[in-house]
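Asker: Below: one structure in structure tokens.
The values are calculated or read from the model by the stated rules, or taken from the named source; none is laboratory data. Treat the numbers as computed from the prediction; the structure is a model and nothing was measured. Virtual Cβ from ideal backbone geometry, glycine too; neighbours counted across all protein chains shown.
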Amino acid sequence: MNTKLITYLLWIPIIGLTVWLILAIKAPIDQQAEIKRIEETVVRKLEIARQLQLAYISQKGEYAATWSELIGFYEQGQFVLTQRRERDLGNDSVLVKIDTLGYVAVKDSLPNVYRNNKNLQADRREAYIRVLENIRALPVLPHTDKRLLIGAKRIDVSGVSVAVFEIKDPEPINPDRRTGKDNKQPLRVGSLDEPTTAGNWE
């Protein structure tokens with residue numbers, strides 16, 4: 001009788017220890033999965049913001065320095081559709097005519113960039129479209145109430161004034177990005193120090 005009682009009593013700490021070990025192993029795995037999911041969302045927002053900045057500079061000659069400028073451009077901006085025609089005049093001369101064919105709204109054009117991109121998997125295409133459908137939430141980080149930081153200015157590059165922009169995550173969820181461990185930096189696209197539109201995740 002005592003042997004059975006001792007056996008049953010031993011099972012309680014064994015089961016408890018087993019549950020504790022499973023949770024101790026599972027928690028970091030779940031945390032890494034959550035970090036990966038959130039960073040993918042931030043990268044998606046940065047990629048869309050980059051596309052918007054490239055569209056903005058193509059129409060305005062400068063990058064947007066604020067979210068209200070960039071989002072306003074998406075909601076109300078238009079691309080000018082043009083046709084270029086050349087006529088050879090001889091003697092190394094060419095007459096170039098550029099005709100305006102019409103206008104297309106940015107909010108109609110940009111989603112089609114993602115819809116028509118067959119290199120993207122269907123679920124990723126839909127994720128980009130969802131971000132564009134909720135464009136006012138573009139700057140909001142998914143894991144906090146903070147916003148992506150945006151800035152734009154002109155810098156001198158070999159005597160030439162060049163427009164630059166930078167959009168970055170001020171509060172990374174990844175602890176390695178917060179501390180700079182293994183050279184990991186907060187997610188960002190563009191730079192205020194050099195002319196680039198690359199993201200540091202690429």
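Asker: Only one of Gln83, Gln78 is over 18 Å from the mean Cα position of the chain (by Cα), surrounded by 15 or more Cβ atoms within 10 Å (Cβ to Cβ) and modelled with pLDDT of 85 or more. Can you tell me which?
Answerer: Unique residue meeting the criteria: Gln78.
Asker: Same structure again: Can you find a residue that is outside the structural domain of Leu81 (by TED's automatic domain parsing), of a type in the set (Gly, Ala, Ser) and within 22 Å of Arg37 (Cα to Cα) anywhere in segment 146-164?
Answerer: So far as segment 146-164 goes, no, none of its residues is outside the structural domain of Leu81 (by TED's automatic domain parsing), of a type in the set (Gly, Ala, Ser) and within 22 Å of Arg37 (Cα to Cα).
Asker: Shifting gears a bit: In the list Arg147, Arg115, Arg130, which residue meets the criterion of being at pLDDT below 85 and of a type in the set (Lys, Arg)?
Answerer: Exactly one of Arg147, Arg115, Arg130 is at pLDDT below 85 and of a type in the set (Lys, Arg), namely Arg115.
Asker: Right, something else. What are the residues in segment 124-161 that are within 18 Å of Thr66 (Cβ to Cβ), in a loop (DSSP other than H, G, I, E, B) and not basic (Lys, Arg), if any?
Answerer: Pass one, segment 124-161, residues within 18 Å of Thr66 (Cβ to Cβ): 135-141, 146-154.
Narrowing the set further to residues that are in a loop (DSSP other than H, G, I, E, B) leaves 138-139, 141, 146, 148.
Result: Leu138, Pro139, Leu141, Leu148.
Asker: Same structure again: Tell me, yes or no, whether segment 43-56 has at least one residue that is modelled with pLDDT under 90 and closer than 28 Å to Glu133 by Cβ. It would help to see each step written out before you state the result.
Answerer: First, the residues of segment 43-56 that are modelled with pLDDT under 90: none.
Checked against the condition, which is being modelled with pLDDT under 90 and closer than 28 Å to Glu133 by Cβ, segment 43-56 yields no hits at all.
Asker: Also, I was wondering about something else. Condition first: over 37 Å from the mean Cα position of the chain (by Cα) and assigned to a strand (DSSP E or B). Now tell me which residues in segment 86-104 satisfy that.
Answerer: Hits for segment 86-104 are Glu86, Arg87, Asp88, Leu89, Gly90, Ser93, Val94, Leu95, Val96, Lys97.
Asker: Only one of Leu141, Leu149 is surrounded by 15 or more Cβ atoms within 10 Å (Cβ to Cβ) and over 28 Å from Ile29 (Cα atoms). Can you tell me which?
Answerer: Leu149
Asker: If you scan segment 113-123, which residues turn out to be free of Cβ contacts under 8 Å to residues at least 12 places away in the same chain and either of a type in the set (Gly, Ala, Ser) or in a helix (DSSP H, G or I) (or both)?
Answerer: Ala122, Asp123
Asker: Within segment 45-60, how many residues turn out to be crowded, with 16+ Cβ neighbours inside 10 Å, without any contact (Cβ under 8 Å) to a residue 60 or more places away in the chain and farther than 13 Å from Gly190 by Cβ?
Answerer: Matching residues across segment 45-60 total 1.
Asker: Give segment 185-201 a look and list any residue that's surrounded by fewer than 16 Cβ atoms within 10 Å (Cβ to Cβ) and free of Cβ contacts under 8 Å to residues at least 60 places away in the same chain, or say none.
Answerer: Passing the criteria: Gln185, Leu192, Asp193, Glu194, Pro195, Thr196, Ala198.
Asker: Moving on. Any chance you could count how many residues in segment 157-184 are surrounded by fewer than 12 Cβ atoms within 10 Å (Cβ to Cβ), closer than 28 Å to Gly61 by Cα and of a type in the set (Gly, Ala, Ser)?
Answerer: Qualifying residue count for the region: 3.
Asker: Now, a different point. Is segment 19-27 home to any residue that is exposed (fewer than 13 other Cβ atoms within 10 Å of the Cβ) and either under 21 Å from Pro142 (Cα atoms) or at pLDDT 85 or above (or both)?
Answerer: So far as segment 19-27 goes, yes, one or more of its residues are exposed (fewer than 13 other Cβ atoms within 10 Å of the Cβ) and either under 21 Å from Pro142 (Cα atoms) or at pLDDT 85 or above (or both).
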